[in-house]
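Taking it in order: structure first as structure tokens, then the write-up.
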């Protein structure tokens with residue numbers, strides 16, 4: 001979340017709610033709406049680290065709002081982030097661990113685990129089908145994100161089939 | 001009343017030195033309007049099963065019932081006649097008639113099933129329209145891309161408004177946009193009550209089904225509904241950081 005907010009602030013200074021709206025507009029309904037509390041907590045930390053600067057703006061009949069600006073240090077951090085290849089695991093998976101450890105528990109049937117998981121993935125895929133059909137083709141960020149999720153799910157299903165072959 | 005019912009259906013290939021069991025005692029019942037996806041690892045008997053359901057492969061033992069009529073005991077010609085009226089089939093490879101136009105390829109099954117020329121033409125126009133192929137109606141299959149031929153094959157399989165649409169990997173040749181058209185058509189005909197039994201490893205297509213049957217080593221190892229929640233986002237699969 002830190003770097004997403006820095007990137008949005010690189011375009012123009014904004015207050016917390018505007019950042020929330022900008023993220024929502026980019027992803028449409030393809031991605032969960034960011035939590036406003038989390039945005040303010042993150043902005044507070046960025047401010048403490050000197051990556052953004054907050055300026056109080058007076059509003060008539062309302063409490064002051066804080067507008068956040070990207071600092072030079074913030075811009076450096078952002079540039080480094082964009083320039084580097086993205087590290088870290090691409091997939092976080094709990095199911096495979098369950099499948100491997102299941103026989104040790106003495107209760108789980110691996111065939112049943114795989115079958116249940118397959119139906120669960122298809123149920124997620126069914127949601128994504130609906131989501132894609134409700135998304136305008138012009139919302140290319142949302143469309144690409146949904147298609148990415150579909151390709152990951154397809155890989156998960158292929159992996160399940162592969163795991164199942166090994167039960168023979 | 002089931003559209004399809006099999007009783008202890010078995011297929012053993014005995015062409016080689018050692019008999020190979022492909023389907024080992026499948027009991028499957030498909031109700032009118034149901035969309036059943038069949039999945040499983042390669043060699044699990046999926047294709048053999050749907051081929052037998054459509055009369056394209058003979059069973060070794062067991063029973064196959066179509067619209068409450070026993071069909072596995074029919075002669076080949078009687079089966080062929082029944083199939084024209086009751087079964088639509090779409091494969092990974094399209095098997096279109098090369099020297100007929102796209103329009104004629106799609107109209108032919110409806111005419112063979114006894115539809116009037118006018119009804120056959122209307123049906124063809126609506127199917128080709130739904131699959132974004134209206135402009136290709138007068139082309140020969142050889143002039144079409146793989147994805148276009150696959151969509152024509154689907155239109156043809158639906159032309160006779162069959163009791164059941166049987167499909168074996170029907171989206172094998174489609175890019176993402178063409179798949180979208182096919183998904184929409186399948187979803188529409190299913191809403192209109194079309195019964196569908198489909199072998200696929202494509203999760204987007206399988207997710208349209210009401211029910212998933214998993215085959216393993218020639219037997220059904222799972223048979224259940226695919227839950228619909230209609231609340232998900234891509235965030236359940238991809239965590240953007």
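Which of the strands (runs of 3 or more DSSP E) contained wholly in segment B:125-241 include at least 2 residues that are surrounded by fewer than 19 Cβ atoms within 10 Å (Cβ to Cβ) and at the interface with another protein chain (Cβ under 10 Å from one of its Cβ atoms)?
Values: elements: B:164-168, B:195-199, B:211-216, B:219-225.
Correct list: B:219-225.
Please find, among A:87, A:24, A:12, A:58, the residue that is exposed (fewer than 14 other Cβ atoms within 10 Å of the Cβ) and within 14 Å of chain B (Cβ to nearest Cβ). After ruling out the rest, the residue left standing is A:87.
For segment A:132-157, a tally of residues being within 19 Å of residue B:202 (Cβ to Cβ) and at the interface with chain B (Cβ under 7 Å from one of its Cβ atoms) returns 9. Among the residues making up segment A:28-54, those that are without any contact (Cβ under 8 Å) to a residue 24 or more places away in the chain and part of a strand (DSSP E or B) are A:53, A:54.
Take segment A:8-18 and flag every residue that is over 14 Å from residue A:71 (Cβ atoms) and touching a residue at least 40 places away in the same chain (Cβ under 8 Å). First the steps, then the outcome.
Step one: of segment A:8-18, the residues over 14 Å from residue A:71 (Cβ atoms) are A:8, A:11-12, A:14-18.
Across segment A:8-18, the qualifying residues are A:14, A:15, A:16.
For segment B:39-51, the set of residues classified as in contact with a helix residue (DSSP H, G or I) (Cβ under 9 Å, 6 or more places away or on another chain) and not in a loop (DSSP other than H, G, I, E, B) consists of B:39 only.
Could you tell me whether any residue of segment B:52-64 is in contact (Cβ under 8 Å) with a residue 60 or more places away in the chain, out of contact with any helix residue (DSSP H, G or I) (no Cβ under 8 Å at 6 or more places or on another chain) and surrounded by fewer than 22 Cβ atoms within 10 Å (Cβ to Cβ)?
Going through segment B:52-64, the residues in contact (Cβ under 8 Å) with a residue 60 or more places away in the chain turn out to be B:53-54, B:64.
Adding the requirement that they be out of contact with any helix residue (DSSP H, G or I) (no Cβ under 8 Å at 6 or more places or on another chain) leaves B:53.
Checking the rest, the ones that are also surrounded by fewer than 22 Cβ atoms within 10 Å (Cβ to Cβ) come to none.
Among the residues of segment B:52-64, not one is in contact (Cβ under 8 Å) with a residue 60 or more places away in the chain, out of contact with any helix residue (DSSP H, G or I) (no Cβ under 8 Å at 6 or more places or on another chain) and surrounded by fewer than 22 Cβ atoms within 10 Å (Cβ to Cβ), which makes the answer no.
Criterion first (in a helix (DSSP H, G or I), more than 29 Å from residue A:145 (Cβ to Cβ) and within 13 Å of another protein chain (Cβ to nearest Cβ)) does residue A:112 satisfy it?
On the way: in a helix (DSSP H, G or I): yes; more than 29 Å from residue A:145 (Cβ to Cβ): yes; within 13 Å of another protein chain (Cβ to nearest Cβ): yes.
It is true that residue A:112 is in a helix (DSSP H, G or I), more than 29 Å from residue A:145 (Cβ to Cβ) and within 13 Å of another protein chain (Cβ to nearest Cβ).
Quick note: the coordinates plus some simple rules give every number you see, no bench work behind them. Predicted, not measured: the structure shown is a model, and the values here were computed from it. Using ideal geometry, Cβ is built from the backbone for each residue, glycine included, and neighbour counts are taken over all protein chains shown.
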